[in-house]
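Reading through the structure tokens given below for one structure.
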Amino acid sequence: MPDNASNPLLQLTDLPPFSAIKPEHVEPAIEQILADNRAAIEALLANDVTPGWDNIMRPLEDLEDRLARAWSPVSHMNSVVNSEALRAAYNACLPKLSQYATEIGQNRRLFAAFLAVQKDEGDRLSIAQQRAIDNALRDFRLSGVDLPEDKKQRYMAIKQELSGLTAKFSENVLDATQAWSILIEDPGRLAGLSDSAIAMARQTAEQRQQTGWLFTLEFPSYFAVMSYADDRALREEMYIAFATRASDQGPNAGQFDNTPLMGQILALRHELAQLLGFENYAQRSLATKMAPSVEKVTAFLRDLADRSLGMAQEELNELKAFARDRLGLDPLEPWDITYASEKLRQHRYAISQEDLKPYFPEARVVSGMFEVVNHLYGLEIHELQEVDTWHPDVRAFEIHDREGEPRGRFYLDLYARPNKRGGAWMDECIARRETANGIQLPVAYLTCNFSAPINDTPALFTHNEVITLFHEFGHGLHHMLTQVNVLAVSGISGVPWDAVELPSQFLENWCWESQAINLIAQHYQSGEQLPDALFDKMIAAKNFQAGMQMVRQLEFSLFDFRIHAEYNPQQGARVQEILDEVRAEVAVIRPPDYHRFQHSFSHIFAGGYAAGYYSYKWAEVLSSDAFSKFEETGIFNRDTGLAFLEAVLEQGGARDPMDLFIEFRGREPEIDALLRHSGIQ
């Protein structure tokens, strides 16, 4: 194998050397790894020996891991500390990586070697090894290994073009988000906003050498205005800017417009699916998922819509009446909905997210979350000191199991900032596998976009942000607690995309349990635990507007699925047309004509959820039903916790997720728990 020492991106130390990664080194380093890998694969296939796990699969795994360990930090930094130089280096590598991946997937000799391993050693291989080979053979076929040469070349060209288009889509959203801000100089316009939101806006202005209060489209800033600002004109201005990001509408109309990209992405995905023999890209998407068919997915989503629409319409009618009678907002405009909803929540339950924030300081929430998983699984989590990171705010931790053995590490990057992609996510840094030197421990990135500390006040989280943190940590545990040592199916690798949300949504449930709240909530000044009266109000308000929230997610899911299932080259993408049809079917809120949410829908146009956004609801059935077992046995029942750990978290993608669920729950999942937890009966 090639020597690693000469490659600046590939020092096989415990954790990546982020500070040593220079944009000018990225492209030549990646090119060298790709060249080395190609030469190594040729050498493997040239050996006149019978293919086996040890002489084919294991060496290929080494090559795959070398490339992943080099590229992962670069890709991650492009998302969290984006710069022109890094973006250029990242984009220069994308077509090279895409070409390499397609070459591997279309290599007939490699495909034949995998078939030979399956035939000659299949019965002697572990369950994880068998699953890895089964998945690999499936993926060879999904990469066009059986296609004639001209279609192979077309497939490769499509994949390369898609990698560039999806990256550009994401860049446009980031650039559009950062391109707009509003400076408030009249303190009267701040009425209704919390002290923390006002202080955050002042701090943002000072950081940019401005005087006043600066509000941006980064989510903590945007959401504060939409929820609490009494200034209706300010809410409208921010709403328009946010709703038209990266589009042909709004204050930066056409500047970062994703309209043509969406059409090109959908057209190329459709062509790629048809090259492989599928009718559409939705069918291609389901080839690697739990859901059996396009019809099953759409029926599932429409069934949930039927159960939720009546409740959602009642909630909207109530909101309109409240806004008219109590707030003088008639008609209720789109930029009033979040504001009026928060006022209604306070009126009905005497509670708001701002009431809860002082009880959720970052240090208590993070340490309490670690205590929750300690109660469940016996894990100990300790912070690592003097770890090289990509930003001073980032912290690193290590997880140890009940026997004191290290199980994984993770980086925690919690705050919103310029040049950082919005949203929250978990991603792989290093995957668990068996190496010649022992077990390589998994490492995860956990990324959020919460409000940073303000002056001497620690970062204070809303309860919704606490839920988001638990969600991403659930993903992280799935990646880090795996006991599977085969790279292709360890952690979240090899897990069908519509099952990958099970551990994340599952962990969210503890954010609503008093025993867990006592661990994660403590007033940042007084040290007081969350009062029972406030907790009771929080629980009472849990399913506030649950119907409206449900149909909103179903709108996104059906829109995503339909634009991929119904694409027709003669008709074009029909993005807005299909979105309008979906809204007519399942939505209760009709946004204005200029609204362009789809132009920043990165999950499906730049992420892994294309024709798969339904996964959130599909997996929520699993997660709600899994948690119901804890409701039966005790939310911190260690035996139940260990059963979930062993049946789900430790298994990675080595076994079918439905089999794992049945092993834990004793039966197939039922939808009742989801409806009950959502307040929808």
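The values are calculated or read from the model by the stated rules, or taken from the named source; none is laboratory data. Fair warning: this is a prediction, and the values are worked out from it, not measured in the lab. Virtual Cβ from ideal backbone geometry, glycine too; neighbours counted across all protein chains shown. These area figures cover heavy atoms from the full protein model, side chains too; ligands, DNA and RNA do not enter into them. Shrake-Rupley method; radii C 1.70, N 1.55, O 1.52, S 1.80 Å.
Please compute the per residue accessible area over the chain with all protein chains in place, 1.4 Å probe, rounded to a whole number of Å². Intermediate results must be reported in sequence, preceding the final value.
Values: 27220 Å² over 681 residues.
Each residue of the chain exposes 40 Å² on average to a 1.4 Å probe.
Sparse packing (at most 15 other Cβ atoms within 10 Å of the Cβ) combined with a DSSP loop state is found for the following chymotrypsin sites (Phe, Trp or Tyr not before Pro) in region 534-629: Tyr594. If the cut-off is 18 Å between C-alpha atoms, which aspartates and glutamates fall inside it for Lys320, apart from same-chain ones fewer than 8 positions away? Cα-Cα hits under 18 Å: Asp230, Glu236, Asp330, Glu333, Asp336, Glu342. Each Lys and Arg adds +1 at its Cβ and each Asp and Glu adds -1 at its Cβ; summed about the Cα centre, region 248-395 shows a dipole of about 460 debye.
Using mean Cβ contacts within 10 Å as the protection proxy, how do 633-644, 509-520, 247-258 order, highest first? Provide the component values of the computation, followed by the final result.
Details: 633-644: 16.2, 509-520: 19.8, 247-258: 18.2.
Per-residue Cβ counts within 10 Å, averaged per peptide and sorted highest first, yield 509-520, 247-258, 633-644.
Close amide H pairs (under 5 Å, H built 1.01 Å from N) link Asp393 with no residue at least 5 positions away or on another chain. For region 89-211, a simple Cβ point-charge model (Lys and Arg +1, Asp and Glu -1, everything else neutral) yields a dipole of about 440 debye relative to the Cα centre. Please label the shape of region 100-201 as rounded, prolate or oblate, based on the square roots a ≥ b ≥ c of the eigenvalues of the alpha-carbon gyration tensor (a/c under 1.5 means rounded; beyond that, a/b larger than b/c means prolate, else oblate). The shape class here is oblate. Under a 5 Å amide H cut-off, with hydrogens placed 1.01 Å from N, Arg407 pairs with Ile399, His400, Asp401 among residues at least 5 apart or on other chains. Within a straight-line Cα-Cα reach of under 17 Å, Lys537 can be paired with the following lysines, leaving aside sequence neighbours fewer than 8 residues apart in one chain: Lys343, Lys357. For the pair Ala179 and Val387 in one chain, pulling the backbone fully straight at 0.36 nm per residue adds 71.6 nm over the alpha carbon distance. The GluC sites (Glu not before Pro) of region 78-185 meeting both criteria, a DSSP state outside H, G, I, E and B (loop) and at most 12 other C-beta atoms within 10 angstrom of the site's C-beta, are Glu185.
Using the per-residue mean of other Cβ atoms lying within 10 Å as a proxy for protection, in what order, highest first, do the peptides 663-671, 477-485 fall? List each step's numbers first, then the result.
Details: 663-671: 14.1, 477-485: 25.4.
Result, highest mean Cβ count within 10 Å first: 477-485, 663-671.
Among (i) 16, 39, 27, 13, 5, 0; (ii) 16, 50, 31, 3, 0; (iii) 17, 54, 28, 2, 0, which is the computed P(r) over Cα pairs in 20 Å bins from 0, in percent? Working out P(r) over Cα pairs in 20 Å bins from 0, in percent from the coordinates points to (iii). Specify the inter-centroid distance of region 557-605 and region 118-151, based on alpha-carbon positions, in whole Å. Answer, in whole Å: 35. Rolling a 1.4 Å probe over the protein heavy atoms of the chain, with every protein chain left in place, gives an accessible area that is 46 percent carbon and sulfur. Relative to the Cα centre, the charge distribution of the chain, modelled as +1 at Lys and Arg Cβ and -1 at Asp and Glu Cβ, gives a dipole magnitude of about 920 debye. Straight-line cross-link partners of Lys22 among the lysines, defined as a Cα under 25 Å from its Cα and at least 8 positions apart when in the same chain: Lys96, Lys168, Lys420. Applying both filters, DSSP loop and at most 14 other Cβ atoms within 10 Å, to the trypsin sites (Lys or Arg not before Pro) of region 367-438 gives Arg402. Which residue, chosen from Ile635, Gly607, Ser623, occupies the Cα position most advanced towards the positive end of the dipole of region 589-639, where the dipole is computed from +1 (Lys, Arg) and -1 (Asp, Glu) charges on Cβ about the Cα centre? Going by the charge dipole, the pick is Gly607.
At a 10 angstrom cut-off on C-beta neighbours, averaged per residue, how do the peptides 569-577, 26-34 rank from highest to lowest? Before the final figure, lay out each step's value.
Working: 569-577: 13.2, 26-34: 19.4.
Going from most to least packed, we get 26-34, 569-577.
Ignoring ligands, DNA and RNA, how do Arg590, Arg154 rank by accessible area with a 1.4 Å probe, largest first?
Working: Arg590 130, Arg154 85 Å².
Correct descending sequence by accessible area is Arg590, Arg154.
Computed over the chain, the per-residue total of -39500 (n - 2.57) for DSSP H runs of n ≥ 4 gives a 222 nm mean residue ellipticity of -18000 deg cm²/dmol, rounded to 500. Projecting the Cα atoms of Thr389, Gln283, Gly192 onto the charge dipole of the chain (Cβ charges, centred on the Cα centre) puts Gln283 farthest toward the positive pole. Remark on Gln529: its backbone amide H falls under 5 Å from those of His523, a criterion applied only to residues 5 or more positions apart or on other chains, H modelled at 1.01 Å from N.
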